[in-house]
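The values are calculated or read from the model by the stated rules, or taken from the named source; none is laboratory data. No experiment lies behind these values; they were computed from the predicted model shown. Note that we place each Cβ from the backbone using ideal geometry, even for glycine, and neighbour counts take in every protein chain shown.
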Amino acid sequence: MKTPLLGIVMAVAAAAQTYPVAGVVTDGVHNAPVERARVILSDESGGRHALTTGADGRFAFTVPEGKYTLYAERMGWRITYGSSGPWAGFGSAVIAGPGKDTAHLALRWYPPGAIYGKVVDEQDEPVRDATVQLMRDGVFDGRRRILEADYATTDDRGEYRVAPLAAGTYYTLVTAVPWHAMAGSFPDTGAIYPATYYPGATDIREAASVTLKSGAEVEADVPLRATTGVHVHVRCPGSGRENDGCPGYPALTAHSFAGIGAYLEPDPDAVPPGRYTLLLKGGDKTARRIVDVGSGDLTVDLTLKPAPLITGKVFFKSGPPKPGATLYVGLVDETSGREFDAPAEPGGAFRFTGAAGARFRPYLYGSAGMFIAKLSAHGAPFKDGLVDLTEETVADLDILASDESGRLKGYAMNGDKPAPAVMVVLMPRATSADPAEPLGFQTESDGSFDYEHVPAGDYLLFTVDKLDFEYANPEVTRPYLAGATAVHIPAHGVAEQRVPVAAGAGK
């Protein structure tokens with residue numbers, strides 16, 4: 001039997017035990033040591049250790065047992081351990097402790113790149129103050145999508161440069177107003193620049209991508225060619241105003257990939273051909289419509305509705321959260337990836353006033369550890385986990401929350417060795433059209449994975465050595481399912497599993 005004093009001594013000794021977190025920062029392109037990189041190691045409580053590498057690129061810390069985030073910064077660019085840059089995997093935590101090899105870490109540094117170019121008009125003259133938007137084509141949350149990345153404005157020479165950028169595939173969209181329009185000599189209907197993609201296409205199907213490698217700079221010049229703008233006349237029948245006038249000024253936003261809007265809005269008196277979202281705000285009412293503009297003038301009738309409002313209530317399958325636990329309702333925009341959240345009040349009510357005009361995927365988060373067991377939407381279409389609020393509307397959501405979740409943890413294995421920084425995929429055995437249900441986890445430095453608050457049930461588990469794996473795409477995951485490991489996650493329990501890295505499946 002341990003005496004109290006002996007227990008105290010052992011506890012102090014355990015707290016004093018430390019472990020190395022050391023390795024080298026190497027250039028991911030040239031495989032050379034990176035000098036003058038600021039290496040930072042932070043723990044879960046916010047504590048930080050930092051140093052600057054020398055010519056050999058090495059770093060070394062001594063820390064207590066625990067879970068740490070390791071990253072390097074240089075010239076304003078950050079790379080997390082287990083990642084090649086922003087949007088490249090989730091990054092891997094460093095797990096320090098007994099039996100963990102954290103003294104030989106390789107922190108790969110992938111330098112940022114840049115996309116630059118020049119925007120010119122028909123006379124090859126520079127176009128100043130043009131807005132250049134970049135959109136990145138990649139795998140985000142297990143799905144290949146195109147999302148907004150960055151933007152720039154051309155200078156008086158028509159030149160732009162967007163940096164720093166992670167390696168990847170980008171599309172460039174340019175919008176601008178002719179100089180004579182800004183000078184006040186532009187007629188109501190006249191020459192206007194349509195939204196133009198690199199290398200000069202006004203049809204999105206003819207847009208060319210730009211492939212950017214780490215540390216590279218790629219030139220993407222975009223010529224603009226004026227076209228004849230048409231007049232888009234907006235009416236609001238029933239408004240009580242003369243000639244069915246509207247109580248506000250209409251805004252037109254040109255559509256790009258996946259419905260992403262161009263930043264620069266055309267004047268309704270001179271709109272180039274294309275697809276637009278027409279938004280009108282008047283007092284406490286709004287109206288939104290998708291319109292296709294062709295070669296002739298267009299009249300659009302709008303019906304003003306109350307300002308967008310999303311309300312709802314969370315019902316609890318097994319009782320409300322414990323006192324002090326937090327619960328939030330989140331909405332993620334399927335197109336842009338923007339997120340909105342609202343707290344669930346003690347009675348379960350929630351309210352969003354700034355989210356509308358998109359398709360949203362609802363979810364729950366917070367220390368209560370609950371998930372959506374069932375959702376119904378009133379006033380808006382709901383399918384495959386998405387609430388469609390692309391039309392201005394007042395929607396009400398009923399959410400059934402459950403805490404019947406469990407935990408799955410284990411190790412990804414390459415033979416008899418743990419596999420760090422690989423993708424573990426957890427898929428429900430029941431077929432679903434909801435792409436949010438498959439879950440990805442990038443393994444930590446010791447090859448471990450830990451899924452928390454997963455709905456209890458039967459799943460399939462497999463691992464691939466590819467961080468940009470499209471695990472939410474059924475066509476991509478299907479070849480892996482035959483060799484997947486069946487697991488059951490118990491409610492309020494923990495399942496443990498080792499899973500081999502899949503060899504050759506789907507290649």
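Before moving on, here are some points about what is shown:
- Residue count for segment 216-247, restricted to those that are in a strand (DSSP E or B), crowded, with 16+ Cβ neighbours inside 10 Å and touching a helix residue (DSSP H, G or I) at 6+ places or on another chain (Cβ under 7 Å): 0
- Qualifying residue in segment 424-435 (condition: among the small types (Gly, Ala, Ser) and crowded, with 17+ Cβ neighbours inside 10 Å): no
- Selection count, segment 303-319, where residues are modelled with pLDDT of 90 or more and part of a loop (DSSP other than H, G, I, E, B): 1
- Filtering segment 79-116 to residues that are buried (at least 16 other Cβ atoms within 10 Å of the Cβ) and either on the phi > 0 side of the Ramachandran plot or basic (Lys, Arg) (or both) leaves 82, 85, 87, 89, 91, 100, 108.
- Looking at 410, 347, 337, just one residue is more than 22 Å from the chain's Cα centre (by Cα), under 25 Å from residue 442 (Cα atoms) and either outside any strand (DSSP E or B) or in contact (Cβ under 8 Å) with a residue 60 or more places away in the chain (or both), and that residue is 410.
- So residue 451, is it hydroxyl-bearing (Ser, Thr, Tyr) and either in a loop (DSSP other than H, G, I, E, B) or closer than 27 Å to residue 102 by Cβ (or both): yes
- Residue count for segment 29-46 satisfying the condition of being touching a residue at least 40 places away in the same chain (Cβ under 8 Å) and surrounded by 16 or more Cβ atoms within 10 Å (Cβ to Cβ): 4.
- Residue selected from segment 457-507 under the condition aliphatic (A, V, I, L, M) and over 17 Å from residue 410 (Cα atoms), by the criterion modelled with the lowest pLDDT: 505
- Residue list for segment 448-473, filter: among the acidic types (Asp, Glu) and farther than 11 Å from residue 489 by Cα: 450, 465, 468, 470
- Residue within segment 288-299 that is more than 29 Å from residue 144 (Cα to Cα), polar (S, T, N, Q), touching a Pro at 6+ places or on another chain (Cβ under 9 Å) and part of a loop (DSSP other than H, G, I, E, B) present: yes
- The set of residues in segment 88-117 that are of a type in the set (Phe, Trp, Tyr) and either assigned by TED's automatic domain parsing to the domain that holds residue 209 or more than 25 Å from residue 45 (Cα to Cα) (or both) comprises 109, 110, 116.
- Only one of the listed residues (216, 195) is of a type in the set (A, V, I, L, M, F, W, C) and under 17 Å from residue 132 (Cα atoms). That residue is 195.
- Enumeration of residues in segment 446-494 that are within 30 Å of residue 21 (Cβ to Cβ) and among the β-branched types (Val, Ile, Thr): 454, 463, 464, 494
- Pair list, Cβ < 8 Å and 6+ apart or interchain, from segment 455-480 residues that are within 21 Å of residue 364 (Cα to Cα) to residues that are among the charged types (D, E, K, R) and part of a strand (DSSP E or B): 472/143
- Selection from segment 408-429 of residues that are basic (Lys, Arg) and modelled with pLDDT of 95 or more: 409
- Residues of segment 455-477 satisfying the condition of being in a strand (DSSP E or B) and touching a Phe, Trp or Tyr at 6+ places or on another chain (Cβ under 8 Å): 455, 462, 464
- In the set (1) of a type in the set (Asp, Glu); (2) out of contact with any Leu (no Cβ under 8 Å at 6 or more places or on another chain); (3) in the same structural domain as residue 171 (by TED's automatic domain parsing), the condition left unmet by residue 345 is number (3).
- Scan segment 348-364 for residues that are farther than 24 Å from residue 145 by Cα and at pLDDT 90 or above and the total you get is 4.
- Segment 478-490: number of residues that are under 16 Å from residue 500 (Cα atoms), assigned to a strand (DSSP E or B) and aliphatic (A, V, I, L, M): 2
- Top-ranked residue of segment 375-404 - restricted to ones that are among the charged types (D, E, K, R) and modelled with pLDDT under 90, ranked as surrounded by the most Cβ atoms within 10 Å (Cβ to Cβ): 392
- The set of residues in segment 337-360 that are surrounded by fewer than 19 Cβ atoms within 10 Å (Cβ to Cβ), more than 25 Å from residue 284 (Cβ to Cβ) and touching a strand residue (DSSP E or B) at 6+ places or on another chain (Cβ under 6 Å) comprises 337, 339, 348.
- Of the residues making up segment 252-278, those that are closer than 16 Å to residue 233 by Cβ, in a strand (DSSP E or B) and touching a residue at least 60 places away in the same chain (Cβ under 8 Å) number 1.
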